[in-house]
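*Asks:* One structure, as structure tokens, below. Some questions next.
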Amino acid sequence: MIIQLAHKIELDPTNVQRGYFIRACGTARFTWNWALAEWNRQYEEGLNPSGPALKKAFNAIKKEQFPWVFDVLRDANSQPFSNLQKAFKDFLKGTKKRPNFKKKGADKDSFYIANDKFKMEEDRIHVPKLGWVRLKETFCNFGKILNATVSRTADKWFVSICVEMDITPATCENQAVAGVDLGIKNLATFSNGEMIEGSKPYKKLQKKLRRLQQAFSRAQKGSKNREKLKRKIARLHYRISCIRHDTLHKLTSKLVR
């Protein structure tokens, strides 16, 4: 049985490496927006745009018009065309919304690395044109590495490593059945009467979040203090998200046991 899993690990980059990540994400975002604008223009003119054709056109002009894209790895200005092709394919199927332009600071920053462009060791990853970047968690190679995606959440950087595994499902001896009712007051109620309360991190941290947001709205636009408050708000939202994920992981583990 062939399955694909993603192992997401937090990175521990230096300030120089953070700057490289920001430039690579900016290159990927710019390429996506350029490709989407060209796709819309060609479609309005009655043409049949495609990701490979747009990629060929971009490669023909990037050396003269966008020479700064060569400062980072090639996948940052190459993979967005494949992503856009897939996005429009899903849109035409009706499974997803029409692709939109990406805005700096509003959309999640990320860039793709092909499996032949990076190397992995237990506690570090080698990124093209950058070098070795430390991991905050040991990487256990448990399958064939397919690709990697570096992304930012709040002010933290992560790498998601996609691996392919060939596994044989184990036989389950315990065939017990448990009914679960997901609610609002309680996170879950089991068929045996046991209730699991939700962590409610947003409610607990709402006062602190409101105070930061009020200070952010009063801060002068473009000031360093406003940028600091923006990072604090992002870190608090990330903390709330982590608490929610932790609660759900504990619940599902309890159900499996």
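The values are calculated or read from the model by the stated rules, or taken from the named source; none is laboratory data. Keep in mind that what you see is a predicted model, and the values were worked out from it rather than measured. Cβ atoms come from the backbone with ideal geometry, glycine included; neighbour counts cover every protein chain shown. To get the accessible areas, we keep the full protein, side chains included, count just its heavy atoms, and leave off ligands, DNA and RNA. Shrake-Rupley method; radii C 1.70, N 1.55, O 1.52, S 1.80 Å.
*Asks:* When only C-alpha pairs under 8 Å and at least 6 residues apart count, what is the relative contact order of segment 180-256, in percent?
*Replies:* Contact order relative to length: 23 percent.
*Asks:* Could you compute the FRET efficiency for Ala234 and Cys162, with r as their C-beta to C-beta distance and R0 at 30 Å, rounded to 0.05?
*Replies:* The pair Ala234/Cys162 has a calculated efficiency of 0.70.
*Asks:* Could you give the semi-axes, largest first, of the ellipsoid that matches the chain, computed as the square roots of 5 times the alpha carbon gyration tensor eigenvalues and rounded to whole Å?
*Replies:* Details: eigenvalues 256, 144, 97 Å².
Largest first, the chain gives 36, 27, 22 Å.
*Asks:* Roughly how many nanometres apart are two label points built 7 Å out from the Cα toward the Cβ at Ala219 and Val177?
*Replies:* It is 5.5 nm.
*Asks:* To continue, here is another question. List the lysines whose alpha-carbon lies under 25 Å from that of Lys224, not counting same-chain residues fewer than 8 positions away?
*Replies:* Hits, sequence-local ones excluded: Lys102, Lys103, Lys104, Lys108, Lys156, Lys207, Lys208, Lys232.
*Asks:* For segment 180-256, what is the accessible area per residue in Å² when the probe is 1.4 Å?
*Replies:* Numbers: 6010 Å² over 77 residues.
Per-residue value: 78 Å².
*Asks:* How big is the Rg/Rh ratio for segment 180-256, C-alpha atoms only, Rh by Kirkwood, two decimals?
*Replies:* That ratio is 1.19, to two decimals.
*Asks:* Any idea how far apart Gln206 and Arg98 come out in nm if each label point goes 7 Å out from Cα toward Cβ?
*Replies:* Label at Gln206, label at Arg98, 3.7 nm between them.
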